[in-house]
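Please treat every number below as a calculation from the coordinates, not as lab data. As the structure is a computational prediction, the values presented were derived from the model and not from experiment. All Cβ positions, even for glycine, are placed from backbone atoms using ideal geometry, and neighbour counts span all protein chains on display.
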Amino acid sequence: MESGFSANDMDHIIEADRAHVWHHLTPHKKFETSDPLVIVEGKGMHIWDARGKRYLDAVSGGVWTVNVGYGRESIANAVRDQLVKLNYFAGSGGSIPGSLFVEKLLDKMPGMSRVYFSNSGSEANEKVYKMVRQIAHKKYGGKKYKILYRDRDYHGTTITTLSTSGQPQRAEQYGPFTPGFVEVPHCLSYRKQWDVPDEEYGRRAADAIEEVILREGPETVGAIVLEPVTAGGGVIVPPEGYWPRVQEICRKYDILLHIDEVVCGCGRTGKWFGYQQFGIEPDFVTMAKGVASGYAAISCTVTTERVFEMFKENPDDPMDYFRDISTFGGCTAGPAAALENFRIIEDEDLLSNVNEMGAYLMERLHELMDRHQVIGDVRGMGLFCGAELVADRESKQPVDEKQAQAVVGECLAQGVLIGVTNRSLNGLNTTLCLSPALIVGKAEIDEIITAMDNALTRVFG
Ligand SMILES: Cc1ncc(COP(=O)(O)O)c(C=O)c1O
């Protein structure tokens with residue numbers, strides 16, 4: 001790796017970072033005793049820090065984002081070509097990459113037909129919340145305004161998306177929150193909340209949603225937002241029977257179904273979108289991270305024509321449209337990068353790789369579980385896996401969170417970057433997370449597993 005910067009330059013860069021950069025999700029005292037990790041280059045599955053150390057990235061940029069891997073010149077070129085031609089015009093107008101990208105995207109999403117551009121997962125989700133509230137005003141005299149969200153799910157960092165945080169530690173100290181959002185129970189069968197046989201658990205967990213709807217009054221509930229597979233809340237794949245029942249409940253009570261694909265979307269689970277794994281027919285789908293693999297900021301709120309029509313039923317109403325704007329939703333770099341990103345996923349047949357390598361990763365994680373008692377559960381879908389650490393398999397008592405973080409630290413020391421649930425769930429930030437880029441091969445998975453094996457032995461014996 002040749003960065004073009006001398007060791008002295010790098011010292012300066014690290015010091016400037018330590019002095020002035022306010023890092024995400026990082027306790028402020030941390031860099032008083034250690035250097036910030038400054039990443040200066042990436043290629044394929046690897047990144048290099050400012051000291052020239054190489055890491056195998058098993059978490060796609062830390063947060064499930066760089067789906068097609070680092071250093072993709074064709075995406076950089078597509079963005080550059082677009083920027084010199086036209087960098088920006090407000091989203092009230094159109095653009096060439098915008099049109100071409102929505103066409104490609106909707107081709108992967110039968111039943112969906114409208115795409116609203118913005119810049120982050122939080123923003124894409126908040127657009128849905130606004131749409132649902134507006135529909136409540138237009139069709140239900142303002143009454144059907146409540147939005148349900150699920151314990152353990154996460155939908156963003158703004159005050160209103162935090163109002164739908166099923167991860168209490170993410171929301172701590174940021175209240176008061178926006179009213180009108182109501183929690184439903186999670187569906188993780190490893191930590192059962194109802195005493196029913198395994199095969200009935202999915203349906204039982206979905207029944208709990210109906211119970212909340214009946215308690216709140218179905219005439220007050222407009223929508224429910226759910227991750228297809230919960231990500232930061234511990235990699236939770238809903239059990240068999242869950243999704244068909246959720247769909248049935250939504251139809252029964254005229255509740256719009258919003259699927260948050262910010263993590264699961266764009267190939268991560270082995271299909272284009274996570275909801276397609278379960279045969280769900282959503283009314284809204286939101287996506288961000290993997291849409292352009294982090295080469296440009298872009299998020300999408302995708303709806304059906306039925307939803308779009310609800311905003312143009314009464315031409316005499318001055319609010320007969322979605323009165324919203326996202327300034328940077330008009331940046332053309334996002335759809336230009338996304339278009340090329342999707343072309344890569346298609347042309348390199350990355351969905352097949354996700355399915356093949358996802359199965360291999362799961363097999364290797366189960367082997368690790370056989371060797372290490374501390375792994376209580378392994379779960380996931382495609383290249384999106386979690387290993388929950390417990391002090392005792394019988395009682396499922398979680399390990400000390402510091403020990404889970406130590407495993408991540410020991411992997412980092414070996415040059416492998418893995419993740420762990422991070423200040424999300426009280427006492428349960430103990431699930432190790434893996435989400436390598438969709439291009440990962442067997443040799444790299446072996447390297448990840450070896451690093452985890454060593455790290456688990458060092459921390460737990
Ligand atoms: C499922 C889910 N939805 C929404 C978000 C928010 O996305 P952003 O950080 O781009 O606002 C995240 C972020 O991690 C997420 O995991």
Additional length obtainable on full extension of the chain from T26 to E346, 0.36 nm per residue less Cα span: 111.6 nm
Residues in the stretch 117-134 reached by a label modelled at Y174 [backbone nitrogen below 12 Å; 7 Å Cα→Cβ]: 122-123
Protection proxy ranking, peptides 37-47, 270-280, average beta carbon neighbours within 10 Å, highest first: 270-280, 37-47
Inter-part distance where the stretch 355-389 and the stretch 395-435 are each reduced to a Cα centre, Å: 14 Å
Net length gained if the chain between K138 and T158 were fully extended (0.36 nm per residue, minus Cα distance): 4.7 nm
Pairwise FRET efficiency - Y321 versus T450, Cβ, R0 = 51 Å, nearest 0.05: 0.35
Computed label-point distance, nm, for sites E200 and N77 using a 7 Å Cα→Cβ extension: 6.0 nm
Three-way shape label, the chain, alpha-carbon gyration tensor, a/c 1.5: oblate
Alpha-carbon centroids, the stretch 30-62 and the stretch 116-167: separation in whole Å: 34 Å
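Using alpha-carbon pairs under 8 Å, 6+ residues apart, how would you state the relative contact order of the chain in percent?
20 percent
Given R₀ = 25 Å, FRET efficiency for K192-D392 by Cβ-Cβ distance, to 0.05?
Efficiency, from the Cβ-Cβ distance: 0.90.
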Calculated FRET efficiency for the pair E281/E211, C-beta based, R₀ 25 Å, to 0.05: 0.60
